[in-house]
Amino acid sequence: MRTVLLLNCLSEVDEEQNKNRVGVSDKCMQRVEKVKTMIMGDIELTPILGMTCHNDVQKKCADVSTQEEGAVINCLMNIQATEGALEPNCAKTLEEFVILVDPVSDVTLNHALMQNCGQYIDKYCAAEGDERGVMECLIDLEFEVEIKESCHLQLLSYKYFMSRSIKLDKPLMVACQADAHRLCENMMNEVMERKEQRPMGGVISCLYHHLFMEADMRVSDQCIPELKRTIIAQGESVNLSPSVVSACAEDLVRYCPGFHADKDDYGCLQSHMISDDKETLTPDCEKEMDYHAQLVAADVRNDYRSVSTE
């Protein structure tokens, strides 16, 4: 019961911050930080997550020690990011849980991340300020230095959840929030009010589709660099692109069964777009894959303004 009250407090803080209101007490804020640490460390303290994901925990995380802080939740996050293999209700509840707790803003909440990436945080990211946080520093670092595989897999997990909610990607949120309210108003309102009905990642996908628009319907110059960064990240795995996963769900099951972090599902899907001797993709999937190709090509040329939607 106490944990439920703390979660309610956390929700109220989230609402207050979203509406830019004041009046949240220091005592409440202290309890929020404490509850985040508690519930990230022990799935049993979040009954709805524990119940919804019970089967997945038994099947996919059975060999994980429940005594290790945060091990079960970390296992679920990694499984969903690398394989997309959790049951739908578990995946949805887990995504909502991560958005609410927001371990992206405070990497110390995840014991496994600190254990596997701590050396890089200490060496390269310890001085990061609020504008570009430690997580963004780590993700950028992958392009600059060779990091160990265990850290890479932890970052892949975080990139998966960041691709599902603009609220978790703080630099993207800062740069593109005005565009999101202007161009994707209904979706953005649902996100900010925690009443999202559409597939996760809808706002980011909406912003992508406004990269190629004309005049007032185009995203701002301020937003474009951060969108480009997310496009590069999504190119690592189909599972990091919610719009492709949604549009190509049937095709992925039919032609490319089983997500995996090191599996080239983009290549698998593309082979059914360009080959005459293979069955073709569904219309929605082909359209989304064509659009994804435009995004990637535009990023390579570093010029979104030159790409046509025709």
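No lab work stands behind these numbers, since they all come straight from the coordinates. Remember, it's a predicted structure, so these values are computed and weren't measured experimentally. Counting neighbours? That spans all protein chains shown, and the Cβs are built from the backbone with ideal geometry, glycine included.
Going by average Cβ density within 10 Å per residue, which order do the peptides 155-166, 208-219 take, highest to lowest?
155-166, 208-219
All other residues with a Cβ under 14 Å from the Cβ of Leu86 taken together, and with Lys, Arg as +1 and Asp, Glu as -1, what is their net charge? List each step's numbers first, then the result.
Details: positive: Lys59, Lys60, Lys92, Arg164; negative: Asp56, Glu83, Glu87, Glu95, Glu96.
Once positives and negatives cancel, what remains is -1.
Below 13 angstrom from the Cβ of Gln115, what's the summed charge of the other residues (Lys, Arg +1; Asp, Glu -1)?
Working: positive: Lys148; negative: Glu68, Glu69, Asp122.
Counting the neighbours of Gln115, the net charge comes to -2.
In the stretch 90-193, which GluC sites (Glu not before Pro) are in a loop and have at most 10 other Cβ atoms within 10 Å, using DSSP for the loop call? Please report the intermediate quantities before stating the final value.
On the way: sites: Glu95, Glu96, Glu128, Glu131, Glu136, Glu142, Glu144, Glu146, Glu149, Glu185, Glu190, Glu193; in loops: Glu128, Glu131, Glu142, Glu144, Glu146, Glu193.
Taking the stretch 90-193 and a limit of 10 other Cβ atoms within 10 Å, the loop GluC sites (Glu not before Pro) found are Glu131, Glu144, Glu146.
Work out the FRET efficiency for Ala215 and Met273 from their Cβ-Cβ distance, taking R0 = 30 Å, and round it to the nearest 0.05.
0.45
Please go through the stretch 27-91 and write out the GluC sites (Glu not before Pro) that DSSP classes as loop and that have at most 14 other C-beta atoms within 10 Å. Write down the numbers at each step before the final one.
Numbers: sites: Glu33, Glu44, Glu68, Glu69, Glu83; in loops: Glu68, Glu69.
Here the GluC sites (Glu not before Pro) that fit, given the DSSP loop and packing criteria, are Glu68.
By how many nm would the segment from Val64 to Met173 lengthen if fully extended, with 0.36 nm per residue of separation less the alpha-carbon distance?
Working: separation 109, 0.36 × 109 = 39.24 nm, distance 3.43 nm.
Full extension from Val64 to Met173 adds 35.8 nm.
Step through the residues of the stretch 51-60 one at a time and calculate ³J(HN,Hα) from phi using the Karplus curve (6.51 cos²θ - 1.76 cosθ + 1.60, θ = phi - 60°), rounding each to whole Hz and writing x for Gly and Pro.
Karplus values, whole Hz, x for Gly and Pro: 6, 5, 9, 4, 5, 5, 4, 5, 7, 10.
Using amide H atoms built 1.01 Å from N in the peptide plane, name the residues 5+ places from Gly70, or on other chains, whose amide H lies under 5 Å from its own.
Counting only residues 5 or more places away or on other chains, the set is Asp42.
Quick check on the stretch 39-139: what are the equivalent-ellipsoid semi-axes from the Cα gyration tensor, as sqrt(5λ), descending, whole Å?
Details: eigenvalues 132, 39, 29 Å².
Three semi-axes, in Å: 26, 14, 12.
Length gain on complete extension for the stretch Glu185 to Asn55, per 0.36 nm per residue less the alpha carbon to alpha carbon distance? Write down the numbers at each step before the final one.
Working: separation 130, 0.36 × 130 = 46.80 nm, distance 3.68 nm.
Once the chain is fully extended between Glu185 and Asn55, it gains 43.1 nm.
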